[in-house]
1. Going through the range 130-149 one residue at a time, which ones are within 12 Å of the ligand (Cβ to nearest atom) and open to solvent by 10 Å² or more (accessible area, probe 1.4 Å)?
2. Filter the range 93-112 for residues that are in contact with a strand residue (DSSP E or B) (Cβ under 9 Å, 6 or more places away or on another chain) and of a type in the set (A, V, I, L, M); which is nearest to the ligand (Cβ to nearest atom)?
3. Which one of the conditions (1) more than 14 Å from the ligand (Cβ to nearest atom); (2) under 12 Å from the mean Cα position of the chain (by Cα) does Glu58 fail to meet, given that it meets all the rest?
4. Within the range 23-52, how many residues are in a loop (DSSP other than H, G, I, E, B), within 16 Å of the ligand (Cβ to nearest atom) and open to solvent by 30 Å² or more (accessible area, probe 1.4 Å)?
5. Restricting the search to the range 66-89, which residues are within 13 Å of the ligand (Cβ to nearest atom), outside any helix (DSSP H, G or I) and either of a type outside the set (D, E, K, R) or touching a His at 6+ places or on another chain (Cβ under 7 Å) (or both)?
6. Where residues in the range 113-125 are in contact (Cβ under 8 Å) with a residue 12 or more places away in the chain and surrounded by fewer than 17 Cβ atoms within 10 Å (Cβ to Cβ), which of them is nearest to the ligand (Cβ to nearest atom)?
7. So Leu158 passes all but one of these: (1) part of a helix (DSSP H, G or I); (2) touching a Cys at 6+ places or on another chain (Cβ under 9 Å); (3) aliphatic (A, V, I, L, M); (4) open to solvent by 10 Å² or more (accessible area, probe 1.4 Å). Which condition number does it fail?
Amino acid sequence: MRMRKKTNLIPRMERCSHVQIKDPAALKGIWLKQNPQMSALWLELGCGKGRFTAETAEQNPDVLLVGIEKVADAMVVGMERVCGKGIDNVRFIDTDVLALPVLFEQDEVDRIFINFCDPWPRSRDAKHRLTSPGFLELYESILKPKGEIHFKTDNQPLFEYSVEVFETGGWTLSEVTRDLHEKGAVGVMTDYEAKFYEQGVKINRLVAKKEKR
Ligand SMILES: C[S@@+](CC[C@H](N)C(=O)[O-])C[C@H]1O[C@@H](n2cnc3c(N)ncnc32)[C@H](O)[C@@H]1O
């Protein structure tokens, strides 16, 4: 996501600092122990400006939702949304998805959302796709045995690639659709998705699960 550099980024982040985790590795293995009122831990990878993050958290007040985003200029918008609405079950981490094993213990996470990740269309860049085999191995290690990945994208080639990678990796797919909003808007939309929906672009979605051990 290319963004114009936001002015006052640091003071804006400071104003919402209670929703940002600056030392997330210190919570590895104890995310829910530190938040005993929460019954599950969900992650959103590449949460961008946090529209989906805020609405999903509002709809699931007993879930701790952690938004992970490597571009602080985008993430600060999500932080402000969550602060402005007084939502208390979201935390943001300004880091790369590659850091997941440093931040979460094996079998610690109940669900992972991957929404409209960058498609990296050239095959030589395939390893950067958030649904490439290397990333799926990271997710498998931190997900609970019955944990799920919920994946949405507008990008048809990325979706077909991802279906193949999930299936080859032994994941079971459900709720597979290549036109999620065919009969009207379904579920919580992300910022990107809302724009695509207005333009009539079809949205692909699937849920992936893997029996572990
Ligand atoms: C196309 S945007 C989609 C944003 C949001 N999920 C949405 O649907 O509106 C992809 C986002 O993922 C973030 N991103 C891409 N690769 C990432 C990585 N390896 N680690 C963390 N964030 C990443 C980008 O910075 C960008 O904000």
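1. Leu130, Gly134, Phe135, Leu138
2. Looking at the filtered set, the residue picked out is Val97.
3. Single failed check for Glu58: (2).
4. Total meeting the criteria: 2.
5. If the condition is that a residue be within 13 Å of the ligand (Cβ to nearest atom), outside any helix (DSSP H, G or I) and either of a type outside the set (D, E, K, R) or touching a His at 6+ places or on another chain (Cβ under 7 Å) (or both), then Val66, Gly67, Ile68, Val71 are the ones that fit.
6. Asp118
7. All conditions pass for Leu158, except number (4).
Here is a yes/no grid of residues against (1) in contact with a Ser or Thr (Cβ under 9 Å, 6 or more places away or on another chain); (2) of a type in the set (Phe, Trp, Tyr):
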residue	(1), (2)
Phe166	yes, yes
Gly170	no, no
Asp179	no, no
Lys183	no, no
Asp191	no, no
Ala194	no, no
Gly200	no, no
Asn204	yes, no
Val207	yes, no
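The values are calculated or read from the model by the stated rules, or taken from the named source; none is laboratory data. As the structure is a computational prediction, the values presented were derived from the model and not from experiment. Cβ sites come from the backbone with ideal geometry, for glycine too, and all protein chains shown count toward neighbours. These area figures cover heavy atoms from the full protein model, side chains too; ligands, DNA and RNA do not enter into them. Shrake-Rupley method; radii C 1.70, N 1.55, O 1.52, S 1.80 Å.
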